[in-house]
Structure formats: structure tokens, C-alpha cells
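The values are calculated or read from the model by the stated rules, or taken from the named source; none is laboratory data. What you see is a predicted model, and the numbers here were worked out from it, not measured in a lab. Using ideal geometry, Cβ is built from the backbone for each residue, glycine included, and neighbour counts are taken over all protein chains shown. What goes into the accessible areas is simple: the full protein's heavy atoms, side chains included, and nothing from ligands, DNA or RNA. Shrake-Rupley method; radii C 1.70, N 1.55, O 1.52, S 1.80 Å.
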Amino acid sequence: MYNNIITELENNILTIKINRESKLNALNIETLQEIKNAVSLAQDDKEISGIILTGSGSKAFAAGADISEFVNFDVKQGTKMSADGHEVMNTIEQSRKPVIAAVNGFALGGGCELAMACHIRIASENAKFGQPEVNLGVPPGYGGTQRLIQLVGKGKAIELLLTADAISANEALEYRLVNDVVPIEDLLPRCFEILKKINTKSPSAIAKVINCVNDFYKDGVDGFQTEIEEFGHAFGTADFKEGTDAFLNKRKPEFKQS
Ligand code: COA
């Protein structure tokens, strides 16, 4: 079904693995479109409660956009490449189901941007993060200049963007670029553990939280207003009835995936 990714469903968790190990999982355009497609399809799949995005092998999550593919692009193609890439990242960020990046090695350029579009990032100890685009004569094009600021703050972000320095997993943890660092053998189990916990919660409330958090960063959108609307809307959901009834009857709630 896909040429560049492998998808696997286990315990209601969809793992999307970038499968270009010999190219350090470099993100050619087809790979990004396949990721977008898999995340989009997951939105209405009742079997899927959460998504893990990772790279094949133990060296790279993704070593950036595929340089050999865009080397001869002109201005028009470069602009389209960036706009299409933004759509992929936005699809991940706006996923109603939580997406965790299991960063198993290099996350450079587009790889770092891909990880930053996910809701949570867990890194293996060997992971390395950076935005080396200025070495190639371009700025980041898949949202890196914006999401890096959101995660680490302007001061550190601009230093990393201007120097093209790659940082270790522990430095990324220190700067809050990642949520946690674990030995590589614990990487996927840790991501599964987090998603299994989230999976016991109300899926509709999870989607609402993601939407409210995303609205914090949208220009001209009042995230507080979004919260009022999402909170109110929740009162009309089956999850609200189930969650409150379970609490009052001292039982565990059983939410249904929507
Ligand atoms: N695009 C296309 N191909 C890439 C790639 C990328 N972003 N990153 C790695 N590859 C390819 C290499 O060309 C090489 O292919 P080959 O075996 O056919 O020659 C293969 O992946 C292995 O990479 P290599 O550079 O030999 O591994 P390394 O361990 O010596 O170095 C890196 C690892 C990550 C430091 C190095 O590959 C690198 O700097 N990659 C580019 C990072 C980058 O600038 N990303 C931003 C792109 S916008």
C-alpha cells in the first residue's frame, strides 16, 4: 500500500515507521504524503486511538528533507515543497488522536520539524536534533522556525537555527524540545505506555484538549474562547455522560473511540 512507510496496528495504536533506512529516512515528497495519508485515515478509524511516528533502524528518525530530490527545484517548486510540507505537519499537529514521535536517532531539518509537529516527543539516548538548513542555503521550510520557538523559546531557537548545531538528546531534554529520553530498547515501549494511558481517557475530550492547545498558537484566535466552546460542547457528548456517571457510581469509565 505504501512505498516509503510501514504501518502497523497493535493494541489500537498505529505505528508509522519511515522505511528508508539506507537514506537515513530522508523525507522525500512521497514519504511525507504517505505519512499525511496514514494520519488522515486514522482520524475516522475507530480501531485507532493513538499514533507513534518513528524511523527504521537505530541511526535516524529522519535526516531531513531528501536533498537529492529538491536539489534542482526552482523558486516555484521550492515554494510548493514548503507549502505541501506545512500541510503535512499541520495534519499531524491537528490530529484528533494523539501523535507521539519516537525519535530513534538523527532528527535533522525536516526530521526535527516532523518530530516538532507531533504532540509528544520521546527520544532515545542516541538521538540528535538540529536545523542544519542554513548549511544548504535555505531556511527551514516545514515550520521549523516557528515550532522551535514555541518549544524552546526564541533565544535558544534562534541560536540553533543560525548555528545549525546538532544537539544531543539530553540537551534537547534540557531545552524542553523533547519530553523524555530513554535507552533505545525502551523507546517504543515508553511511547506505547503513554498512549495506553491516554487511551483510558475520553477520546472526545482528548481531541478537544489538542484543539484548545493548538489554538494558543494561532494568530487572531482566542484559545480561551475555544476552551469555553469545547467545554460547553463536551456536555452534549456520550463521553461526558459516561465519565460523570462512572465517577458517581464509583466505577471505571468505558469510553468509546469515535
Ligand atoms: N537527503 C538525502 N539523502 C540523505 C540525507 C538527506 N537529508 N541525509 C542522509 N542521506 C543519505 C546520504 O546521502 C547517504 O546516501 P548514500 O549512501 O547513497 O551516499 C546515506 O543517507 C547515509 O548518509 P551519510 O551521510 O553517509 O551518513 P553519515 O553517518 O556519514 O552522516 C548525517 C549522517 C545525518 C550527519 C549526514 O547524512 C547529513 O548531514 N545529512 C543531511 C542532514 C541535513 O542537512 N538535513 C537537512 C535537509 S533540509
**Item:** Only Lys, Arg (+1) and Asp, Glu (-1) charged, at Cβ; segment 75-176 dipole about Cα centre in debye
**Value:** 300 debye
**Asked** Can you list residues whose amide H is under 5 Å from Asn19's amide H, if they're 5+ apart or on another chain and H is modeled 1.01 Å from N?
**Response** Ile5, Ile6
**Asked** When ligands, DNA and RNA are left out and all protein chains stay put, how many square angstrom of accessible area per residue does segment 5-198 have with a 1.4 Å probe?
**Response** 45 Å²
**Asked** When only C-alpha pairs under 8 Å and at least 6 residues apart count, what is the relative contact order of the chain, in percent?
**Response** 16 percent
**Request:** Would you work out the charge dipole size for segment 5-198 about its Cα centre, treating the Cβ of every Lys and Arg as +1 and the Cβ of every Asp and Glu as -1, and quote it to the nearest 20 debye?
**Result:** 320 debye
**Message:** Here is the link list: Lys36/Lys252; Lys36/Lys208; Lys23/Lys154; Lys17/Lys97; Lys196/Lys241. Which ones come out longer than 28 Å on Cα distance?
**Reply:** Lys36/Lys252; Lys23/Lys154
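State which stretch of the chain is the longest one without any exposed chymotrypsin sites (Phe, Trp or Tyr not before Pro), exposure meaning a DSSP loop state and at most 13 other Cβ atoms within 10 Å.
Result, exposed sites excluded: 74-216.
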**Complete:** Carbon plus sulfur, as percent of the 1.4 Å-probe accessible area of segment 203-248, comes to 67 percent
**Item:** Percent of beta bridges antiparallel (DSSP, the chain, rounded to nearest 5)
**Value:** 25 percent
**Request:** Using only the Cα atoms, work out Rg/Rh for the chain, with Rh taken as the Kirkwood radius, to two decimals.
**Result:** 0.98
**Asked** Between Ala60 and residues 5 or more places away or on another chain, which pairs have amide H atoms under 5 Å apart, with H built 1.01 Å from N, and which residues are they?
**Response** Phe106
**Item:** Accessible area (Å², per residue) of segment 203-248, counting only protein heavy atoms and a probe of 1.4 Å
**Value:** 68 Å²
**Request:** Rounded to the nearest Å, what's the spacing between the alpha carbon centres of segment 167-211 and segment 126-152? Just the number, please.
**Result:** 20 Å
**With at most 13 other Cβ atoms within 10 Å, longest stretch of the chain clear of loop trypsin sites (Lys or Arg not before Pro) (DSSP)** = 47-175
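Given Cα pairs under 8 Å that are at least 6 residues apart, what percent is the relative contact order of segment 203-248?
Relative contact order, segment 203-248: 37 percent.
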